[in-house]
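I have placed the structure first, in the form of structure tokens, so that the comments after it can refer back to it.
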Amino acid sequence: TQSTWGGPLTSVRLVEMVKSLLFSSLLLAFVSALPHTPAETSLFETEQIFPSPELLNKWMKSLAVPVIEEDDPVPTIVGKLAAAAKQFALEELEKTGPSKRSLQATSEADEYPYFGFIPLLGAKVVSGAAAVNWEGQCFKNIAGVATVNGNSSIDLELTFANSKSLLCTETMLLGTSDAYQLLEVAVHGSKKITWDLSKSSSAGVWDATHNGIRVFMFVGSLADTMDAIAKTAEIFEPCVTKPVAEFAATANIDFLSKYRGIKMVKRSVTDVILNETEIHSGDFFGVMRLDGLDPMLAWAMGATTGHTTIALWKGTQLYICESTATSSYWDTNGIQCTPYRDWITKAKAASFNVIHAPLAPAFRAKFNETKAWEFVQSVLGYNYGYNNMFWGWIDTEQLNYPCVAPDFTRCLTWDIIEVVFPAIAKYVPTFHTFYDQAFNKRLGTTGLDFSGILQAANEKGIPAISLPTIVEQDGWIYNTTRNGIVADGPSMVCCVFVCHMWKAAGLFADFDDEINCAELTNWDDYSMKVFDSNYVRPQACVDADPDSIVCQILGEYSMAVDHYNTKAPFAHMAEHCPGVAPDYSRPDNC
């Protein structure tokens, strides 16, 4: 087969392309910014859009930004998409002018611009049901009613009344699991839309007629939305570089401070390289790279790290083992073990900020190196765990999705995912790998696309919103790759791999290993009470970071670990845990 980008579609490439569009908030910016064909037409007041790979390529070329190439590493793809979104947003801002920004944008939105394009669900307009009414930011009364015309179309009528301001414009995203439309309304009256179903699958028709056309309301004006997209895209610029530039680091630190509530300050000492003798098998290394990706993961998970690794001795050689992917700053893909000194050199070149946390003596004594290496050998080379990345982290229907500062009441939701994920999968067909296997496993089905998954869940009496909350099982096997070759095997992101290493080495034997590591996040790893609470840091660590409780061995900016070493491990931990910004409160029993 051929990939979306024109080259051969290898399995490694397939999963790598998934990561490029992995994070739902960035995906939403992508969909928000994508124009429809023809390119000459204004973005808004569009006809219904059926996404396609050709439309994506045409859009990127029209913006004069580099298109995605077959051999691009994953973060480079993210960086290119961010660059395209930024360029489009800046062009739209130039067209609309700064005067079109709302008064609110001059204060709150400028102070908290990141991911400000996340909309709110206004209503679901279901065919044959009574009219639904809601309030927008510009109109006090908005009503929607829909009538289905067989399997060919839906007549949607939206009525806007009682304008709050003559200068306010309502900006909306209408969508189903098969198509979407962007709409801007400035004057009162009715807007009639024919929603075409002729290109939809039977499951897509079912979704549109039974779940309705979702109407999402953007906060602020079109110019506000474009400004938020442009400023959010900037924090991802290090995805296409090896070192992280200072301006990008500053922007990411600002984001982490305002959205995650953690402070990272400039360090006077950047390298405190521990001697190998001070590191033991099973020790934890936490990483924060200020490249947009790690900070976004930290915000979403409620963590202070974006990547995790583990130390493992073999004879006289110390290794750092991890699950990661190739990029502009990392040259090896998948589950891997790198000699310690080599890893330090690569981490420093990549602008990693790194902390070391040693296991407690009791857990160090439990750690069976032989068993750990047997596990490593059984999984070396398997690709990064994109297949189930979100679904181990999302434990509740509403209380795990990232929320936008300053009040943290506007959040990513399942309703947005129902529209955005299938839209992206149509632009980039390989994106379905990110969710299809995980959701099909939860339903006991195979091969269903997103629309089919929604329909099957309904037939089985399972609310679709609850699918991510079904516990991810460590024993589930995914179609993935190993050393670039198609293979069936485990799907493990970084923190899940670290937990599996501890599990294989015997740290959880006291409760018969009844822990699903696939449910753990970065925060779960380092908050687990398995570390040395009496650890005396080397003097060089104390001198570099006097107030820290761990040793930071690399990085220009200080790191902290909240709730470090506070939660004793127990059976089935972390399977049903809420965690919403800004405080990410979690019950003791999860």
Neighbours by Cβ (under 6 Å, 6+ apart or cross-chain): first from the range 88-112, closer than 16 Å to R410 by Cβ; second at pLDDT below 75 and not charged (D, E, K, R)
S102/S221
Restrict the check to the range 356-378 and report whether at least one residue is open to solvent by less than 10 Å² (accessible area, probe 1.4 Å), free of Cβ contacts under 8 Å to residues at least 40 places away in the same chain and either among the aromatic types (F, W, Y) or under 19 Å from F284 (Cα atoms) (or both).
no
Kindly provide the set of residues from the range 489-519 that are charged (D, E, K, R) and surrounded by fewer than 24 Cβ atoms within 10 Å (Cβ to Cβ), ordered by number.
K503, D510, D512, D513, E514
Suppose we filter I470, I549 for residues that are farther than 21 Å from N275 by Cα and either open to solvent by 10 Å² or more (accessible area, probe 1.4 Å) or in contact with a Phe, Trp or Tyr (Cβ under 7 Å, 6 or more places away or on another chain) (or both); which single one remains?
I470
Note on the range 432-450: residues open to solvent by less than 10 Å² (accessible area, probe 1.4 Å) and closer than 15 Å to D178 by Cβ are F450
Please go through the range 550-590 and pick out each residue that is of a type in the set (S, T, N, Q) and in contact (Cβ under 8 Å) with a residue 40 or more places away in the chain.
Q552, S558, N565
Cβ pairs under 8 Å, 6+ apart or interchain, first in the range 306-317 and farther than 15 Å from A350 by Cα and of a type in the set (D, E, K, R), second at pLDDT 95 or above and open to solvent by less than 70 Å² (accessible area, probe 1.4 Å), ordered by first then second residue, are K314/W373
If you take the residues of the range 104-155 that are aromatic (F, W, Y) and in contact with a helix residue (DSSP H, G or I) (Cβ under 7 Å, 6 or more places away or on another chain), which of them is surrounded by the fewest Cβ atoms within 10 Å (Cβ to Cβ)?
Y112
Within the set of pairs 6+ apart or on separate chains, which have a first residue in the range 426-451 that is farther than 15 Å from N387 by Cα and in a helix (DSSP H, G or I), a second that is open to solvent by 10 Å² or more (accessible area, probe 1.4 Å) and among the charged types (D, E, K, R), and C-beta atoms under 9 Å apart?
K426/D178; L443/K460; S451/D178
Filter the range 305-320 down to the residues that are in a loop (DSSP other than H, G, I, E, B) and open to solvent by less than 10 Å² (accessible area, probe 1.4 Å) and list them by number.
T305, G306
Mind listing just one residue for me: the one in the range 451-467 that is touching a helix residue (DSSP H, G or I) at 6+ places or on another chain (Cβ under 6 Å) and either within 19 Å of I394 (Cα to Cα) or among the basic types (K, R) (or both) and, of those, surrounded by the most Cβ atoms within 10 Å (Cβ to Cβ)?
I453
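Among the residues of the range 419-451, write down those that are of a type outside the set (A, V, I, L, M, F, W, C) and over 23 Å from Q473 (Cβ atoms).
P422, K426, Y427, P429, T430, S451, listed by residue number.
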Considering every residue within the range 499-511, establish whether at least one is acidic (D, E) and in contact (Cβ under 8 Å) with a residue 12 or more places away in the chain.
no
Count of the range 476-528 residues which are under 25 Å from the mean Cα position of the chain (by Cα) and either of a type outside the set (A, V, I, L, M, F, W, C) or part of a helix (DSSP H, G or I) (or both):
30
Name the residue that is most open to solvent (accessible area, probe 1.4 Å), counting only residues in the range 171-195 that are in a strand (DSSP E or B) and over 18 Å from K124 (Cβ atoms).
K192
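Residue-wise test of (1) in contact with a Ser or Thr (Cβ under 9 Å, 6 or more places away or on another chain); (2) modelled with pLDDT under 95; (3) open to solvent by 40 Å² or more (accessible area, probe 1.4 Å); (4) not in a loop (DSSP other than H, G, I, E, B).
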{"residue": "V536", "(1), (2), (3), (4)": "no, no, yes, no"}
{"residue": "V542", "(1), (2), (3), (4)": "yes, no, yes, yes"}
{"residue": "N565", "(1), (2), (3), (4)": "yes, no, no, no"}
{"residue": "P569", "(1), (2), (3), (4)": "no, no, no, no"}
{"residue": "A581", "(1), (2), (3), (4)": "no, yes, no, no"}
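Any residue in the range 404-419 that is more than 30 Å from E54 (Cα to Cα), open to solvent by 20 Å² or more (accessible area, probe 1.4 Å), in a helix (DSSP H, G or I) and in contact with a helix residue (DSSP H, G or I) (Cβ under 8 Å, 6 or more places away or on another chain)?
no
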Sole residue being closer than 30 Å to N333 by Cα, of a type in the set (S, T, Y) and modelled with pLDDT of 95 or more, chosen from Y382, Y435
Y382
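The values are calculated or read from the model by the stated rules, or taken from the named source; none is laboratory data. Bear in mind the structure is a predicted one, so any value in this text is a computation, not a measurement. We place every Cβ from the backbone using ideal geometry, glycine too, and count neighbours over all the protein chains shown. When the accessible area is computed, the model is the full protein with side chains, heavy atoms only, and any ligands, DNA or RNA have been set aside. Shrake-Rupley method; radii C 1.70, N 1.55, O 1.52, S 1.80 Å.
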